[in-house]
Amino acid sequence: MTSTVVVGAGIIGVAIAYELQRRGRSVTLLDKDAPGKGASYGNMASIAVTEFMPASRPGIWAQMPKWMLDPEGPVRVRPGYVPRLVPWFLRFLAASRPAKLREMEAAGAVLCGRVHEDLDALLRNTGLTDMLSEEGCLSLYKDEAEFRADREHIEILERFGFRHEVLGGNAIRDLEPAVTTRIGKAVLFPDNRSISDPYKLVVALADKFRLLGGSIEQGEVKGFELRDGAVSALKLANGRTISTEEVVLAAGAFTARLSALLSEHIPLETERGYHTQIMDPGITMRHSIIWPARAFMVTPTAGGIRVGGTVEMAGLDAPPDYRRAKVLVKRAMEALPDLQAREKTEWMGHRPALPDTLPVMGPSAKRKNIWYATGHGHLGLTYAATTGRLMADLIMGVAPPVDMYPYRVDRF
């Protein structure tokens, strides 16, 4: 039985470990923290199958200067971190060419088109189907001008056949009475359902993995032992080593530090995301909502209401700036005027971002027994079950149901 170490116990790593163990590998899941304590702990709980648009499209570039100058804008770059970002931003710019955008849209749509098939199978096999909501997501627009500004998004969804429904004022409040009457139009995405608690989902999947015979270890990888050009063991910070026949690096935004130890450089950045979890919100919600013009999202999850969004570029080591979370709550109250921010907690996590918005999924270009699954950006939870399925196919030598070429590690 082949021994495999999956590094990273977020939703991506746990999904891969579970699927490999289920198919007969002997898998060790390794992380410096307990399962689900990283970015998976605080994501927005959304299965966001309509959100595969590349971030590097020209409409985003046009707004970047204004956002950068606005301390409360949807994108914030800490001044001291700007020099470190230059190479990444140059690749981000290169990904904005029209032909490249079309390729990235198609590659994202392929993954999102599989999401519910793969997620339903994973939840059914693990007995966790009750963790997926029946309700979708509402995208809000104050007026016709805001709706037109988001028209590119709708046109892409129409091109690839993703379901959506345009709604007027009364129909919006029939679905979500808490939404302000200032919102004149909305789009319902019925397939953008949500998870009742994303952290508990990771923990539950890790438990199912363990019941299949999988092993969960806690430790920080500090190096690799090599033999004949392949990794034979992982060296941990506490002095231990873990022998292995193959390694899957799925450590989210921290994966680039590990790949660099293997002389394989991935242009991976962290988009630091913030949320506020409100346990006594004073309102009830069935759907999640997003307001593109205000760059925030609200989801009923984890026993309350979660408010999140925006992007901060400041690296892996800078302390959180919770003013970002407070701005999001203020904006959420514009959409939900009866929302009360009582009994709340704030959180910051590291989303793994690649310049072209697509994840890396596949074998190393330099080591024959290393595999990568990282860079899922805002769609880690969305892509998790599909990533588990596709990575297990690749590792087990089974032809995946999609062309994996767009997601190769050496595409940059």
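From the backbone phi of region 188-204, what are the Karplus-calculated ³J(HN,Hα) couplings (6.51 cos²θ - 1.76 cosθ + 1.60, θ = phi - 60°) in whole Hz, Gly and Pro given as x?
Result, ordered by residue: 8, 9, x, 8, 8, 7, 10, 9, 5, 6, x, 5, 5, 5, 4, 4, 5 Hz.
Where does helix 323-335 land angle-wise versus the long Cα axis of the chain, in degrees 0 to 90, nearest 10?
Between helix and principal axis, roughly 40 degrees.
Angle check, please: helix 380-396 long axis (alpha carbons) against the longest principal axis of the chain (alpha carbons), in degrees 0 to 90, nearest 10.
The two axes meet at around 30 degrees.
Please give the peptides 244-257, 375-388, 271-284, 143-156 ranked by average Cβ packing (other Cβ atoms within 10 Å per residue), highest first, as a rough proxy for protection. Could you put the intermediate results ahead of the total?
Working: 244-257: 24.3, 375-388: 26.6, 271-284: 19.6, 143-156: 14.1.
Taking the mean over residues of other Cβ atoms within 10 Å, the ranking is 375-388, 244-257, 271-284, 143-156.
Rounded to the nearest 0.05, what FRET efficiency is calculated for residue 144 and residue 174 with R0 set to 25 Å and r the Cβ-Cβ distance? Each step should come with its number before you reach the end.
Working: r = 20 Å, r/R0 = 0.82.
Taking R0 as 25 Å, the efficiency between residue 144 and residue 174 is 0.75.
Would you mind classifying region 142-198 by shape? Square roots of the alpha carbon gyration tensor eigenvalues, ordered a ≥ b ≥ c; an a/c under 1.5 is rounded, otherwise it is prolate if a/b is larger than b/c and oblate if not.
The shape class here is oblate.
Once a ≥ b ≥ c are taken as the square roots of the eigenvalues of the Cα gyration tensor of region 222-367, is the result rounded (a/c under 1.5), prolate (a/b larger than b/c) or oblate (a/b not larger than b/c)?
On the way: a/c = 2.95, a/b = 2.53, b/c = 1.17.
Prolate, since a/c reaches 1.5 and a/b exceeds b/c.
If each Cα of region 269-350 is one equal point scatterer, what is log10 of I(q)/I(0) from the Debye formula at q = 0.14, 0.22 Å⁻¹?
Taken in order of the listed q values, log10 I(q)/I(0) reads -0.43, -0.99.
Measure off, as a whole percent, the carbon and sulfur share of the 1.4 Å-probe accessible area of the chain, all protein chains present.
Its accessible area is 52 percent carbon and sulfur atoms.
Taking H as built 1.01 Å from N, whose amide H comes closer than 5 Å to the amide H of residue 291, not counting residues under 5 places away?
Residues meeting the criterion, in which the H sits 1.01 Å from N, are 140, 296.
Can you give the convex hull volume of the alpha carbon atoms of region 308-358 per residue, in Å³?
Cα-based convex hull of region 308-358, divided per residue, equals 103 Å³.
Based on the mean of other beta carbon atoms within 10 Å per residue, what is the order of 95-104, 390-399, most packed first?
Details: 95-104: 15.2, 390-399: 17.1.
Answer by packing, highest mean first, reads 390-399, 95-104.
For region 264-412, give the magnitude of the charge dipole about the Cα centre (Cβ charges: +1 Lys/Arg, -1 Asp/Glu; no others), in debye to the nearest 20.
Its charge dipole is roughly 80 debye.
Give me the lysines in straight-line cross-link reach of residue 200: C-alpha distance below 17 Å, same-chain residues under 8 apart excluded.
Hits, sequence-local ones excluded: 37, 208.
Give me the angle, in degrees from 0 to 90, between the Cα long axis of helix 98-126 and the longest principal axis of the Cα atoms of the chain, rounded to the nearest 10.
Roughly 80 degrees between the two axes.
The values are calculated or read from the model by the stated rules, or taken from the named source; none is laboratory data. If you're wondering where the values come from, they're calculated on a predicted model, not measured in any experiment. Positions of Cβ are backbone-derived with ideal geometry, glycine not excepted, and every protein chain shown enters the neighbour counts. Accessible surface is based on the protein model in full, side chains and every heavy atom, while ligands, DNA and RNA are left aside. Shrake-Rupley method; radii C 1.70, N 1.55, O 1.52, S 1.80 Å.
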